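Report on one structure; see the data block that follows.
Nothing in this text is a laboratory measurement; each read-out follows from the coordinates by a stated rule. As the structure is a computational prediction, the values presented were derived from the model and not from experiment. We place every Cβ from the backbone using ideal geometry, glycine too, and count neighbours over all the protein chains shown.
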Amino acid sequence: MPDFQIGEKVALVTGGATGIGLEYVRYLLQHGLKGITILDINEEQALKAIEELGPNKVHFIKTDVTKKQELRDAFKESVQKWKGLDIVINNAGIMNDSSWELQVALNCNAVVEGCLLAFKYMSKHYGGNGGVVVNAGSILSLREFSGCPIYTGTKHFIVGLTKSFGTPYFLNLTGVRFLTMCPGVTYTPLISEAGRFALTDFPKIAEILVQDLGSYPAQQPEDVAQGLITMITKGENGSVWVSEGGEPVYEVILPDLKTWRKK
Ligand SMILES: NC(=O)c1ccc[n+]([C@@H]2O[C@H](COP(=O)([O-])OP(=O)(O)OC[C@H]3O[C@@H](n4cnc5c(N)ncnc54)[C@H](O)[C@@H]3O)[C@@H](O)[C@H]2O)c1
C-alpha cells in the first residue's frame, strides 16, 4: 500500500475557487503542503479564498482550462513559482447537458490535457520525481442516469481514462499514480443549479434530474476533501473511490473479464 506524505509537497487544483475544489485546497494545506496553485475562471471567488487562506501558500492563476494554451501556461507558471509539482487534481467540471460541447471540453478534454501536463512535469521519464493525479469522477461514473445522460457519459470517460493511465506500464515508467474520486451528491453550486442545465428537447427531464439527485444521500464538500486525503496518501494506482453521504471514502471494485458475464 502506498504511504504518500503530503507535507512539503506542491499541488495544483483546477476549479479550486469554489465548491469541492476549494475544500481540497483547505484540506491539503491543513496537511502541511508547501504550496498550491488554483486554476479557475472565477477570479472573484479565488481572491476571496486567498484572502482567507493567506497568499504565502496559495497562488491563483486565472485560467480557462478548456483553452489548451492557457492550461499549459498555467502549469508552467505554477512549476516555476513553487519549483516543483507533486499533486495534480483535475477537478473543474460542470453539469450542463444543454451546453454539452462545453461540458465535454471541460469534463473530458481538459482532464486529458491536465493528465498529459502532469506527466510532463512529474514523470520520471522526463526527469521528474513522480507524483499523484486525482481526476474528478462522480457516482454517475458508475451507473446510468436519465436526468443528465451526457454528463454521466463524461464521468464514465474519467474512470476509463484514469484507470488506464493508472496501470503498471505508466506507473513503472513515470512514477505517477492515478486515482479517481467519485463524489455522491455534494452541496455546491453545481447541484443547486443542476435543473437549469438539463437537455431542453425532452419533457420533464429537468424535474427528473432534480428529483433523482434528491434521492441520493447528500454531503458537504469537506466530506469529499477528507476522502481525498485518504486516497492520496493510501490509494493504490488506478483505484476508484466513492465519497457519499458524509461516510468515509471507500474503494470500488469494478467488474472485469472474470466477473462481468451475466449469469
Ligand atoms: N457537487 C456534486 O454533487 C458533485 C458530485 C460528483 C462529482 N462532482 C464533480 O466534482 C467537480 C467539482 O464540482 P463542484 O460541485 O465543486 O462544482 P462547482 O460548480 O462548485 O465548482 C466548479 C469550479 O470549477 C470552475 N470552473 C468552471 N469552468 C471552468 C473552466 N473552464 N476553467 C477553469 N475553472 C472552471 C468554477 O469556476 C468553479 O470554481 C466537478 O468535476 C463535478 O463534476 C460534483
- request: Considering only the range 126-153, state which residues are over 22 Å from G21 (Cβ atoms) and among the hydroxyl-bearing types (S, T, Y).
  value: Y126, S146
- request: Scan the range 22-41 for residues that are within 13 Å of the ligand (Cβ to nearest atom), buried (at least 20 other Cβ atoms within 10 Å of the Cβ) and not in a helix (DSSP H, G or I) and report the count.
  value: 4
field: Conditions (1) free of Cβ contacts under 8 Å to residues at least 40 places away in the same chain; (2) within 19 Å of T188 (Cα to Cα); (3) among the hydrophobic types (A, V, I, L, M, F, W, C); number of the one not met by V58
entry: (2)
Flag for M122 being of a type outside the set (D, E), within 24 Å of E23 (Cα to Cα) and touching a Cys at 6+ places or on another chain (Cβ under 8 Å): no
message: K124 - would you say it is out of contact with any helix residue (DSSP H, G or I) (no Cβ under 8 Å at 6 or more places or on another chain) and among the basic types (K, R)?
response: no
- prompt: Restricting the range 96-113 to residues that are more than 16 Å from I41 (Cα to Cα) and within 14 Å of the chain's Cα centre (by Cα), which is farthest from the ligand (Cβ to nearest atom)?
  reply: V112
Of residues in the range 73-95 being among the small types (G, A, S) and more than 22 Å from G7 (Cα to Cα), the one nearest to the ligand (Cβ to nearest atom): G93
task: Hey, can you tell me all the residues within the range 76-108 that are among the polar types (S, T, N, Q) and surrounded by fewer than 17 Cβ atoms within 10 Å (Cβ to Cβ)?
output: Q80, S98, S99
Residues (within 16 Å of L71 (Cα to Cα) and surrounded by fewer than 16 Cβ atoms within 10 Å (Cβ to Cβ)) located in the range 115-130: L116, K120
